[in-house]
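The values are calculated or read from the model by the stated rules, or taken from the named source; none is laboratory data. All of these numbers come straight from a predicted model, not from anything done at the bench. Methodologically, a virtual Cβ is constructed for each residue, glycine included, from the backbone with ideal geometry; neighbour enumeration extends over all protein chains shown. Please note that ligands, DNA and RNA were not included when accessible areas were found on the heavy atoms of the full protein model with its side chains. Shrake-Rupley method; radii C 1.70, N 1.55, O 1.52, S 1.80 Å.
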Amino acid sequence: MEAVSRAASLDKQINEYWASLLNDAPVEDGDLLKRIVDRAKLLDFRYQSNSKLVNSDMDEILSRLLTLLDNNTNPKDEDALLGLANTETMTMTIKQALNRYWDFTKDKTMNKSENQIRKWRAPRVKAINNFIKVCGNLQVHKVSRDDALTFRDWWISRIEDEKLSETSANKDIIHVKNILQTVCDNEDLNIPIDNIFRKLTLKERFFQSRKPLSSEHINGVLLNPDNHNGLENDLVYFLHAMADTGARSSEITGLEPEDIVLNVPVPYISIKDRPYRPLKTPHSARVIPLVGHSLFAFKKRPNGFTKYRDKTDILSSKLNKYLRSNGLFPSEQHSVYSLRHSFQDRLLAVDAPDRIQAELMGHKFHRPKYGDGGSLEHKYKWMKKIQLLKD
C-alpha cells in the first residue's frame with residue numbers, strides 16, 4: 001500500500017511539473033523561485049546557484065549536464081540544474097538587505113561598545129524604515145529610479161513643511177544607497193544602485209528644489225483625463241484639489257466633512273488645527289475659497305479624501321510614482337508638490353497683496369498684523385484671477 005501511495009504522489013508531482021512547463025503565464029518572483037527549486041528536486045537534484053555549483057566536484061556537474069542532454073528534458077531546466085536563476089535577486093527585500101548589510105559590515109563595529117554599535121546602526125535603520133514607509137518593502141531588484149526620486153520628493157516636502165534640515169534628508173538618501181550597494185556588491189547582484197541613486201542629495205542651505213509647473217502643463221498634461229488611465233479616482237481628484245488651492249498634501253487629506261463647505265455663495269475649505277492632527281505652523285490655519293479645479297474636486301469628494309486621511313505619505317508616493325513612470329513631469333525636479341509653487345507664482349503674477357498671499361499659502365505675514373485679514377469674498381476675488389479651470 002505504501003508503494004502505491006508513493007507512486008500516486010510521484011505521478012501527481014510529474015503531472016504538475018509538466019503542466020508548469022506548458023504554462024507560459026507570468027508568475028510572481030516568489031512563485032518562479034519555488035517552481036525552479038521544485039524542478040531541480042523532481043529531477044533528483046538540489047538547486048544550487050551557479051557560483052556555488054562551479055566549486056562542486058566534477059561528478060556533480062557532469063551528472064547535471066548529462067541530465068540536460070537527455071532528449072526528454074525541457075530547455076527551461078537549465079535554470080534549475082545549472083543554477084542560472086538568481087535566487088537572491090528574486091527574493092531579497094529591502095528589510096532582508098538591511099539584515100545582510102550587518103553581516104557585511106562587521107568591520108565597522110569591531111571593538112565598539114554595545115551602545116556605540118546601537119548609535120551606529122540607528123540612523124541606518126531609520127533611513128531604511130523611512131524608505132519602506134514611502135516606497136514599500138520592495139524586492140531589491142525592483143527598486144527603480146522612480147522610487148529613489150519619490151523618496152527624495154518625500155524628504156523635500158518634509159523640509160518645506162516642517163522646516164527640517166537638508167542634512168537629515170541627505171543622510172537618509174546616502175544610507176539607503178550605501179546599504180543596497182554594499183549588499184549588491186557582496187552578493188554579486190547586477191543591480192545598478194549607483195545609477196538609481198545618482199545626484200539625489202540636496203544642496204545645503206536649502207534652495208527651491210521644486211520647480212513650478214506652468215499653467216499650460218497643469219491643464220494640458222497633469223489634469224488631462226487621457227493621462228489618467230489606471231489612476232484611481234481619489235488621486236485624480238486630489239490633483240484637481242491641489243492645483244487650484246495650493247494647499248499642502250497633508251492639509252487636503254486631513255480635511256473633515258465639516259471643513260468642506262459647498263452650499264454657500266462662496267464655497268470654501270477650512271484648514272484647522274486639531275489635537276489629533278496638528279498643523280505644521282500656527283499660521284497654517286486658514287480658509288481657502290474653492291474655484292475651478294478645486295471646486296470640481298470637492299464636489300466629487302464632499303466628505304474629503306477619507307481613504308487617505310492620515311495616510312498622506314502613501315497618497316504622495318502613489319501619485320508621484322504614477323506621474324513619473326508615465327512621463328507626466330517635465331523634469332526630475334518636478335513633483336506633485338510643484339503645484340503649490342505654481343499656485344504661489346500665479347498669485348505673484350496678478351500682484352496679489354502680500355497679506356492675501358500669506359493667508360492663502362498658510363505662510364507667516366512678516367509685518368504687524370492688524371484686523372481680521374482678508375474676508376472670504378476678498379480672497380475669492382483673487383482666487384478667481386488665478387484659477388486654472390475657467391468657468
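Does region 110-118 include one or more residues that are open to solvent by 40 Å² or more (accessible area, probe 1.4 Å) and within 14 Å of Lys171 (Cβ to Cβ)? No, region 110-118 contains no residue that is open to solvent by 40 Å² or more (accessible area, probe 1.4 Å) and within 14 Å of Lys171 (Cβ to Cβ).
For region 324-353, the set of residues classified as closer than 28 Å to Arg277 by Cα and either open to solvent by 60 Å² or more (accessible area, probe 1.4 Å) or within 16 Å of the chain's Cα centre (by Cα) (or both) consists of His334, Ser335, Val336, Tyr337, listed by residue number.
Checking Ala241, Ala247 one by one, the residue that is open to solvent by less than 40 Å² (accessible area, probe 1.4 Å), outside any helix (DSSP H, G or I), of a type in the set (A, V, I, L, M) and within 24 Å of Tyr380 (Cα to Cα) is Ala247 and no other.
Does Phe104 satisfy being open to solvent by 50 Å² or more (accessible area, probe 1.4 Å) and not charged (D, E, K, R)? When the stated conditions are applied, Phe104 passes them. Taking each residue of region 244-273 that is closer than 12 Å to Gly304 by Cβ and looking for partners that are modelled with pLDDT of 95 or more and among the charged types (D, E, K, R) with beta-carbon atoms closer than 6 Å, six or more apart or interchain, yields Ile269/Asp259; Ser270/Asp259.
Checking every residue in region 203-216 against the condition of being part of a helix (DSSP H, G or I), touching a residue at least 40 places away in the same chain (Cβ under 8 Å) and over 30 Å from Met92 (Cα atoms) gives at least one match. Contact annotation: residue pairs with Cβ atoms under 6 Å, 6 or more positions apart or on different chains, pairing a residue in region 84-113 that is modelled with pLDDT of 80 or more and hydrophobic (A, V, I, L, M, F, W, C) with a partner that is open to solvent by less than 50 Å² (accessible area, probe 1.4 Å) and not in a helix (DSSP H, G or I), are Ile94/Leu138.
Only one of the listed residues (Leu189, Leu180) is assigned to a loop (DSSP other than H, G, I, E, B), in contact (Cβ under 8 Å) with a residue 12 or more places away in the chain and either closer than 19 Å to Met92 by Cβ or open to solvent by 30 Å² or more (accessible area, probe 1.4 Å) (or both). That residue is Leu189.
Here Lys385 fulfils each of the conditions (1) loosely packed, with under 15 Cβ neighbours inside 10 Å; (2) under 29 Å from the mean Cα position of the chain (by Cα); (3) under 24 Å from Asn224 (Cα atoms) apart from (2).
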